[in-house]
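Input: a single structure, listed below in structure tokens.
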Amino acid sequence: MDLSVGHKNIAESRIHESLDELRTDLADYIAELSEAFVKERGYFSIVLSGGSLIGLMGKLSEAPYIKTVDWSKWYIFWADERVVAKNHADSNYKLAKDGLLSKVPIVHSHVHSINDSVSAEEAADDYEFAIRQLVKTRVVSVSEINDCPKFDLILLGLGQDGHVASLFPNHSALNEREEWVTFITDSPKPPPERITFTLPVINSASNVVVVATGESKAEAAHLAIDVVAPECPLIPARMVQPATGKLVWFLDKSAASKLEDSNLNNKVG
């Protein structure tokens, strides 16, 4: 069971007693969105991230989801990727493949990973081109308020420094407004070369989910969610504010421990 707590900066936050509870709720949420979009559009465009997120999505490869989800309609993308070979330990593609995609009946041609044989700049350009082709055919929807793609669901993790995707605090990539996909060569976390969705694309999605677990994420979650003083740092996660879509945070008790309303979580049984 989860407790939904409203905060000024988000539509909804779900605080869970345990990681297992969070995993189940997240799987239910993704499965429900998948069913709704497949019924409405015939497709489900879902954007993954790296880190602990894939492990937290693991229940999707188990019953009942393995049978009830229409996997053939899923089109899979990445909010960011490390510019390394697909079989490299740092690859978000490899993480997702090993942890989830190889365990469910995904259509291989629906999995859109980066070109790992070119430079970061070329990889970003190639990825944006591929997405533009899918927007033309409406496999990926288009935003009503700008020309950005409107993904059905973007899933993001939260860094201790408040970064999401590969959008890091005080980095120039946060200011990119024209490109859908940009690149960086100076990531503060290794590996240094990455591609990443830009904020306009993230904020054009129909649904954005940010997942944060563990005490080490508590301060970043507080700075992203709560009403904070003007002198507090503006972290990238706080800039995730979908223009017309829905934003939901999935947190465990530890990550929610510094939220203004986190004491209400004691009521969850």
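The values are calculated or read from the model by the stated rules, or taken from the named source; none is laboratory data. Keep in mind that what you see is a predicted model, and the values were worked out from it rather than measured. Note that each Cβ is placed from the backbone with ideal geometry, even for glycine, and that neighbours are counted across all protein chains shown. When the accessible area is computed, the model is the full protein with side chains, heavy atoms only, and any ligands, DNA or RNA have been set aside. Shrake-Rupley method; radii C 1.70, N 1.55, O 1.52, S 1.80 Å.
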Every pair of residues 6+ apart whose Cβ atoms lie under 9 Å, when the first sits in the range 18-40 and is closer than 12 Å to Gly58 by Cα and polar (S, T, N, Q) while the second is open to solvent by less than 60 Å² (accessible area, probe 1.4 Å) and part of a helix (DSSP H, G or I) = Thr24/Lys59
Lys94, sole failed condition from (1) of a type outside the set (Phe, Trp, Tyr); (2) under 14 Å from Gly50 (Cα atoms); (3) in contact (Cβ under 8 Å) with a residue 12 or more places away in the chain | (3)
Give the range 111-130 a look and list any residue that's out of contact with any helix residue (DSSP H, G or I) (no Cβ under 8 Å at 6 or more places or on another chain), under 16 Å from Phe77 (Cα atoms) and either of a type outside the set (Phe, Trp, Tyr) or in a loop (DSSP other than H, G, I, E, B) (or both), or say none.
-> Ala123, Ala124, Asp125, Asp126, Glu128, Ala130
Condition broken by Val118, with the remaining ones in (1) touching a strand residue (DSSP E or B) at 6+ places or on another chain (Cβ under 9 Å); (2) open to solvent by 20 Å² or more (accessible area, probe 1.4 Å); (3) aliphatic (A, V, I, L, M) satisfied = (1)
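Within the range 169-183, work out how many residues are aromatic (Phe, Trp, Tyr) and farther than 17 Å from Asn203 by Cβ. Give the steps one after another, and end with the answer.
First pass over the range 169-183, keeping only residues aromatic (Phe, Trp, Tyr): 180, 183.
Checking the rest, the ones that are also farther than 17 Å from Asn203 by Cβ come to 183.
Summing the residues that are aromatic (Phe, Trp, Tyr) and farther than 17 Å from Asn203 by Cβ in the range 169-183 gives 1.
Okay, residues lined up against (1) hydrophobic (A, V, I, L, M, F, W, C); (2) not in a helix (DSSP H, G or I):
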residue	(1), (2)
Glu178	no, yes
Phe183	yes, yes
Pro188	no, yes
Ile195	yes, yes
Pro200	no, no
Leu223	yes, no
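Out of the residues in the range 133-159 that are farther than 23 Å from Lys246 by Cα and either touching a residue at least 40 places away in the same chain (Cβ under 8 Å) or not charged (D, E, K, R) (or both), which is most open to solvent (accessible area, probe 1.4 Å)?
To start, the set of residues in the range 133-159 that are farther than 23 Å from Lys246 by Cα comprises 133, 136-137.
Remaining after also requiring either touching a residue at least 40 places away in the same chain (Cβ under 8 Å) or not charged (D, E, K, R) (or both): 133, 137.
On the way: Gln133: 66, Thr137: 86 Å².
That would be Thr137.
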Quick one: which of Leu247, Leu199, Leu234, Leu223 is in contact with a Leu (Cβ under 8 Å, 6 or more places away or on another chain) and either open to solvent by 40 Å² or more (accessible area, probe 1.4 Å) or not polar (S, T, N, Q) (or both)?
-> Leu199
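Kindly state which helices (runs of 4 or more DSSP H) lie completely within the range 1-110 and contain at least 3 residues that are surrounded by 15 or more Cβ atoms within 10 Å (Cβ to Cβ). Before you say what the answer is, go through the steps one by one.
Details: elements: 19-41, 53-56, 65-68, 92-99.
Because the criterion is at least 3 residues that are surrounded by 15 or more Cβ atoms within 10 Å (Cβ to Cβ), the helices (runs of 4 or more DSSP H) in the range 1-110 that meet it are 19-41, 53-56, 92-99.
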The correct count of residues that are modelled with pLDDT under 95 and either touching a Pro at 6+ places or on another chain (Cβ under 8 Å) or not in a helix (DSSP H, G or I) (or both) in the range 225-240 is 9
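Of everything in the range 131-162, what is part of a loop (DSSP other than H, G, I, E, B), aliphatic (A, V, I, L, M) and closer than 19 Å to Ala36 by Cβ? Give them in sequence order. It would help to see each step written out before you state the result.
Restricting attention to the range 131-162, the residues satisfying the condition of being part of a loop (DSSP other than H, G, I, E, B) are 137-140, 143-148, 151-152, 158-162.
From what's left, aliphatic (A, V, I, L, M): 139-140, 145, 158.
Within the range 131-162, Val139, Val140 qualify.
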